[in-house]
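Here is the structure we will look at.
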Amino acid sequence: MVENRVLPRRIVMMGPPGSGKGTQSAILSEKLGLNTYSAGELLREAAASGTPEGNAIKEIIDKGNLVPAEYIVNRIEAKIIEPENHKGYIIDGFPRTLDQAKVFEEMQQKPFFQKNNLAVDLVLLLQVPDEYVIDRIIGRSQCAECGMLYHEKFKPTKVFGVCDNCGCKEFTRRADDTYETVVSRLRNYRRVTAPVIPYYEDKGLLVCVDGTGPIDVVSEKIRKIVGY
Ligand code: AMP
């Protein structure tokens with residue numbers, strides 16, 4: 001056991017679509033007692049609002065493209081500054097471009113962030129090759145009631161068609177989880193998001209995790225890194 005080690009509690013999850021960011025964030029969130037904010041989830045909520053902004057966001061997400069930074073940066077900031085998140089937070093899927101990373105960096109320099117010690121102290125990169133991603137994304141679903149994530153092959157419900165967590169029998173699938181959209185999201189990841197990796201490497205914040213194994217094997221690797 002490492003003595004006097006400051007354990008990371010302000011964590012960014014990175015990785016290609018289907019790398020398990022959502023699943024691993026949810027596990028980490030429960031173990032550490034921290035809130036997780038998924039950029040994709042925040043945007044899907046906005047998209048469902050039916051406002052002109054929501055409709056614009058929906059159109060972009062459904063094509064598998066990245067939404068403009070102004071739609072996501074403020075939403076993430078609003079979550080981080082909530083008093084309940086001063087003990088730490090997990091962000092899944094943000095920043096996703098070098099520009100977003102730089103805006104996020106500026107945010108962390110704000111006096112409020114500095115005073116409350118809100119700067120990111122760990123970036124976890126889940127590494128998964130493209131051929132895994134398609135398989136993982138096609139087949140995933142979410143409980144319509146509590147949001148628990150499932151996959152028909154890798155994480156099925158214990159009782160067919162019934163959510164393990166809340167017993168709900170209704171499940172939803174993401175509109176952007178189609179083969180064509182996944183290909184576009186992967187292309188975006190390689191082209192636009194991958195440059196964020198060396199940015200955090202240079203800051204000494206990046207730790208890579210092999211995300212190809214079963215869920216519990218990957219979460220055990222993360223447990224060792226995060227030290228809970
Ligand atoms: P995810 O749930 O992380 O797979 O994200 C779903 C979709 O939301 C992405 O394909 C993008 O269209 C959008 N999105 C999520 N995070 C961001 C972000 N940081 N910047 C821009 N678009 C995003």
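So the values come out like this:
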{"item": "Long-range neighbours under 7 Å by Cβ, at least six apart or interchain, first residue touching a residue at least 40 places away in the same chain (Cβ under 8 Å) within region 184-208, second away from the ligand (no atom under 14 Å from the Cβ) and assigned to a helix (DSSP H, G or I)", "result": "Leu186/Asp130; Leu206/Ile197; Leu206/Tyr200; Val207/Ile225"}
{"item": "Count of region 208-228 residues which are open to solvent by 40 Å² or more (accessible area, probe 1.4 Å), of a type in the set (A, V, I, L, M) and within 17 Å of Val12 (Cβ to Cβ)", "result": "1"}
{"item": "Residue in region 99-118 that is least open to solvent (accessible area, probe 1.4 Å), counting only those that are away from the ligand (no atom under 12 Å from the Cβ) and under 16 Å from Asp202 (Cα atoms)", "result": "Glu105"}
{"item": "Out of Ile76, Ile57, sole residue that is closer than 20 Å to Arg173 by Cα, touching a helix residue (DSSP H, G or I) at 6+ places or on another chain (Cβ under 9 Å) and not in a strand (DSSP E or B)", "result": "Ile57"}
{"item": "All positions within region 20-41 that are part of a loop (DSSP other than H, G, I, E, B) and within 9 Å of the chain's Cα centre (by Cα)", "result": "Gly20"}
{"item": "Matching residues, region 198-228, being in a helix (DSSP H, G or I) and hydroxyl-bearing (Ser, Thr, Tyr)", "result": "Tyr199, Tyr200, Ser219"}
{"item": "Selection from region 71-88 of residues that are within 10 Å of the ligand (Cβ to nearest atom) and crowded, with 18+ Cβ neighbours inside 10 Å", "result": "Tyr71, Ile72, Val73, Ile76"}
{"item": "Close pairs from region 23-49: first buried (at least 17 other Cβ atoms within 10 Å of the Cβ), partner basic (Lys, Arg), Cβ under 6 Å, at least 6 apart", "result": "Tyr37/Lys79; Leu42/Arg75; Ala47/Lys58"}
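Per-residue answers, yes or no, for (1) among the aromatic types (Phe, Trp, Tyr); (2) farther than 30 Å from Gln100 by Cα; (3) outside any loop (DSSP other than H, G, I, E, B); (4) open to solvent by less than 70 Å² (accessible area, probe 1.4 Å):
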residue	(1), (2), (3), (4)
Cys146	no, no, no, yes
Tyr150	yes, no, yes, yes
Thr157	no, yes, no, yes
Asn165	no, yes, no, no
Asp177	no, no, no, yes
Val183	no, no, yes, yes
Tyr189	yes, no, yes, yes
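Table: residues versus (1) more than 10 Å from the ligand (Cβ to nearest atom); (2) among the polar types (S, T, N, Q); (3) under 17 Å from Tyr200 (Cβ atoms).
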position	(1), (2), (3)
Lys63	no, no, no
Ala69	no, no, no
Ile90	yes, no, yes
Arg96	no, no, yes
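The values are calculated or read from the model by the stated rules, or taken from the named source; none is laboratory data. Remember, it's a predicted structure, so these values are computed and weren't measured experimentally. Glycine gets a Cβ as well: all are built from the backbone with ideal geometry, and neighbour counts include every protein chain shown. Heavy atoms of the whole protein, side chains included, go into the accessibility calculation; ligands, DNA and RNA do not. Shrake-Rupley method; radii C 1.70, N 1.55, O 1.52, S 1.80 Å.
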